[in-house]
Amino acid sequence: MKPVVPNKSQQGFTLLELMVTLAIVGILAMLGASQYQDYIARARVSEGFNLAEPYKLAITEQISSNNGVFTVAQLGLPSFTATDNVQKIEVSPMETRGVGGVITITYGPRVGNGGTLTLTPTIASGTIQWQCAAAGAKAASTPEGATANTGFVAGTLEAKYAPANCRGA
C-alpha cells in the first residue's frame with residue numbers, strides 16, 4: 001500500500017510572473033511621469049495668461065480712447081514683479097493704428113525650459129481680436145475690414161506647452 005500524500009495546490013506567484021508584472025508597472029509609471037511633467041508645464045503657462053490680463057485691458061482701453069495709437073507709458077501699468085514661472089511681461093507701443101501693441105510673456109526654465117508667448121491685437125470693426133502665438137505659429141488671417149497687425153511675431157515657447165489656440169497649426 002502506498003502512503004497517502006495530501007495534494008497541495010500551488011500558492012503565490014512564480015518569480016517570472018512577478019518580474020513581468022514589475023516591468024509592466026515600471027513602463028506605465030515612466031510614461032505617466034513624462035505626461036504629468038508636460039501637464040504641470042501647461043498649467044504654469046496659464047499663470048502667464050492670468051498675469052497678462054491687465055495688459056490686455058490697458059491696451060484695449062488705449063485703442064478705444066486714442067484711436068489705436070499709444071506709447072507704453074500711456075498704458076499706466078506698474079512694473080512687473082517676476083514669479084517662479086513668469087520672468088517678465090512686455091508690451092510694444094502701437095505707433096500706427098493697428099500695428100504693434102504686442103504683449104510678450106517670458107517664461108522661466110520651469111516652464112518647458114523657458115521661452116515666450118505673444119499676444120497680438122487686431123483691431124476689427126468695433127472689436128479687438130487677440131492672437132496667441134507659440135513657436136512656429138503663423139499670423140492669422142486678418143478679418144474683413146480690419147487692419148493687419150504687421151507687429152506680429154511668434155513666441156519661442158515649444159508648442160506642446162502652449163494652449164491649442166496658440167499653436168497655430
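The values are calculated or read from the model by the stated rules, or taken from the named source; none is laboratory data. Nothing here was measured: the structure is a model prediction, and the numbers come from that model. Please note: Cβ atoms are built from the backbone with ideal geometry, for glycine as well, and neighbour counts cover all protein chains shown.
Residues of region 105-125 that are crowded, with 21+ Cβ neighbours inside 10 Å and charged (D, E, K, R): none at all.
Among the residues of region 75-96, those identified as more than 20 Å from the chain's Cα centre (by Cα) and buried (at least 16 other Cβ atoms within 10 Å of the Cβ) are Leu75, Ser92, Pro93, Met94.
Residues that are of a type in the set (Val, Ile, Thr) and either in contact with a helix residue (DSSP H, G or I) (Cβ under 9 Å, 6 or more places away or on another chain) or at pLDDT 90 or above (or both) do not occur anywhere in region 134-149.
Scanning for something crowded, with 19+ Cβ neighbours inside 10 Å and farther than 19 Å from Lys88 by Cβ, does region 126-146 turn up at least one residue? Spell out the reasoning first.
First pass over region 126-146, keeping only residues crowded, with 19+ Cβ neighbours inside 10 Å: 131-135, 137.
Next cut, farther than 19 Å from Lys88 by Cβ only: 131, 137.
Taking every residue of region 126-146 in turn, at least one turns out to be crowded, with 19+ Cβ neighbours inside 10 Å and farther than 19 Å from Lys88 by Cβ.
Select, from Lys160, Lys138, the only residue that is of a type in the set (Lys, Arg), touching a residue at least 40 places away in the same chain (Cβ under 8 Å) and either touching a Leu at 6+ places or on another chain (Cβ under 6 Å) or over 18 Å from Ile59 (Cα atoms) (or both).
Lys160
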